[in-house]
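Take a look at the structure set out below.
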Amino acid sequence: MTPTQAARLALDCLDLTSLNDGDDAAAIDALCRRAVGPHGKVAAVCVWPRFVTQARAALPRDVAVAAVANFPDGALDAARALADTRAIVAAGGDEVDLVLPWRTMLAGQADAAAQLVAQVRSACRGQRLKLIIESGELPTPDAIRHACRIGLDAGVDFLKTSSGKTAQGASFDAARVMLEAIAAHPRAAAVGFKASGGIRTVADATSYLTLARDVMGLRMLNPARLRFGASGLLTDIERVLSGQGGAATPTPGY
């Protein structure tokens, strides 16, 4: 895959994201303007629930609006998670990015964590549901697999690495475990993967594109099955597609 090919695919699969504490209407307007650029459209923009209505009005219909629920801490708080989800749906959001109660799972209460995910799944039927497992905070591959199973069994549409709000975001090793968990599940043909947290260059994205292809086949290389959650990645994508080159090697840690 050439850098240009990788950049075009990464653009098609990009969830252009702004989840800063200080986000305001002007920031969301700027985000939506960037989502439709000279080289094409991103797959989605991802914002706080309170900005869904604004983003939906600003974007063409073929750019999805995603928003976060139970974010970023992933507390065992079904009332909050459901309130976020219902607000996203009511405002016209297309996708919900839900944080798994991963601390609850690690504390031995996996059933309670799974129940929250199942409740949110029921509350957003018709919308795409991505489950953030916070893979960088899970101490072992077995813990990552357990979190994946919770989401897969609950009927989520995507497994997502990270919120981007912890010390460790996406990692190549965790992504492999997650993709292999998807491949081994009976719902493998219907579930996608989203890498999020620290992905800044086309070279970073290429590592994940190659991994997804190697584990799941070419069927994964489209925005219905693969996403990148990032704010800075678009800058490098545009640099490559403008013929200015891009980062030759992945960011350290990938």
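The values are calculated or read from the model by the stated rules, or taken from the named source; none is laboratory data. Remember, it's a predicted structure, so these values are computed and weren't measured experimentally. Neighbour counts run over all protein chains shown; Cβ positions are idealised from the backbone, glycine included.
Kindly provide the set of residues from segment 154-163 that are crowded, with 21+ Cβ neighbours inside 10 Å and either on the phi > 0 side of the Ramachandran plot or β-branched (Val, Ile, Thr) (or both), ordered by number.
Of everything in segment 154-163, those that are crowded, with 21+ Cβ neighbours inside 10 Å and either on the phi > 0 side of the Ramachandran plot or β-branched (Val, Ile, Thr) (or both) turn out to be Val156, Thr161.
Output the residues belonging to segment 57-76 that are among the acidic types (Asp, Glu) and within 15 Å of Ser163 (Cβ to Cβ).
If we filter segment 57-76 for residues that are among the acidic types (Asp, Glu), which is where we start, we get 62, 73.
Scanning segment 57-76 gives a single hit, Asp73.
What number of residues within segment 130-153 are polar (S, T, N, Q) and buried (at least 17 other Cβ atoms within 10 Å of the Cβ)?
Summing the residues that are polar (S, T, N, Q) and buried (at least 17 other Cβ atoms within 10 Å of the Cβ) in segment 130-153 gives 1.
Could you check how many residues of segment 172-206 are surrounded by fewer than 19 Cβ atoms within 10 Å (Cβ to Cβ), within 16 Å of the chain's Cα centre (by Cα) and not in a helix (DSSP H, G or I)?
Total satisfying the criteria: 1.
What is the number of the single condition among (1) of a type in the set (Gly, Ala, Ser); (2) in contact with a strand residue (DSSP E or B) (Cβ under 9 Å, 6 or more places away or on another chain); (3) farther than 22 Å from Val63 by Cβ that Gly164 does not meet?
(3)
Conditions (1) over 17 Å from the mean Cα position of the chain (by Cα); (2) assigned to a helix (DSSP H, G or I), marked per residue:
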| residue | (1), (2) |
| --- | --- |
| Val96 | no, no |
| Met105 | yes, yes |
| Leu116 | yes, yes |
| Pro139 | yes, no |
| Ala143 | yes, yes |
| Gly151 | no, yes |
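Within segment 108-129, is even one residue crowded, with 16+ Cβ neighbours inside 10 Å and within 25 Å of Gly232 (Cβ to Cβ)?
Checked against the condition, which is being crowded, with 16+ Cβ neighbours inside 10 Å and within 25 Å of Gly232 (Cβ to Cβ), segment 108-129 yields at least one hit.
Residues are listed down the side, and each one gets a yes or a no for (1) more than 22 Å from Lys194 (Cα to Cα); (2) among the acidic types (Asp, Glu); (3) crowded, with 18+ Cβ neighbours inside 10 Å; (4) out of contact with any Cys (no Cβ under 6 Å at 6 or more places or on another chain):
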| position | (1), (2), (3), (4) |
| --- | --- |
| Thr2 | no, no, no, yes |
| Ala7 | no, no, yes, yes |
| Ala10 | no, no, yes, yes |
| Asp15 | no, yes, yes, no |
| Asn20 | no, no, no, yes |
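Go through segment 116-166 and report how many residues are within 18 Å of Ala87 (Cβ to Cβ) and touching a residue at least 40 places away in the same chain (Cβ under 8 Å).
Final tally of qualifying residues: 7.
Look at segment 70-80 and say how many of its residues are in a loop (DSSP other than H, G, I, E, B) and under 30 Å from Leu59 (Cα atoms).
Here is the first cut: in segment 70-80, the ones in a loop (DSSP other than H, G, I, E, B) are 70-77.
From what is left, the residues that are under 30 Å from Leu59 (Cα atoms) are 70-74.
Here the count works out to 5.
Kindly provide the set of residues from segment 81-94 that are assigned to a helix (DSSP H, G or I) and either in contact (Cβ under 8 Å) with a residue 24 or more places away in the chain or in contact with a strand residue (DSSP E or B) (Cβ under 8 Å, 6 or more places away or on another chain) (or both), ordered by number.
As a first pass, look at segment 81-94 and keep what is assigned to a helix (DSSP H, G or I): 81-90.
Scanning segment 81-94 gives Ala81, Leu82, Asp84, Thr85, Arg86, Ala87, Ile88, Val89.
As an exercise: evaluate Gly229 against (1) under 26 Å from Asp62 (Cβ atoms); (2) modelled with pLDDT of 95 or more; (3) out of contact with any Cys (no Cβ under 8 Å at 6 or more places or on another chain) and give the number of the one condition it does not meet.
With respect to (1) under 26 Å from Asp62 (Cβ atoms); (2) modelled with pLDDT of 95 or more; (3) out of contact with any Cys (no Cβ under 8 Å at 6 or more places or on another chain), Gly229 is out only on (3).
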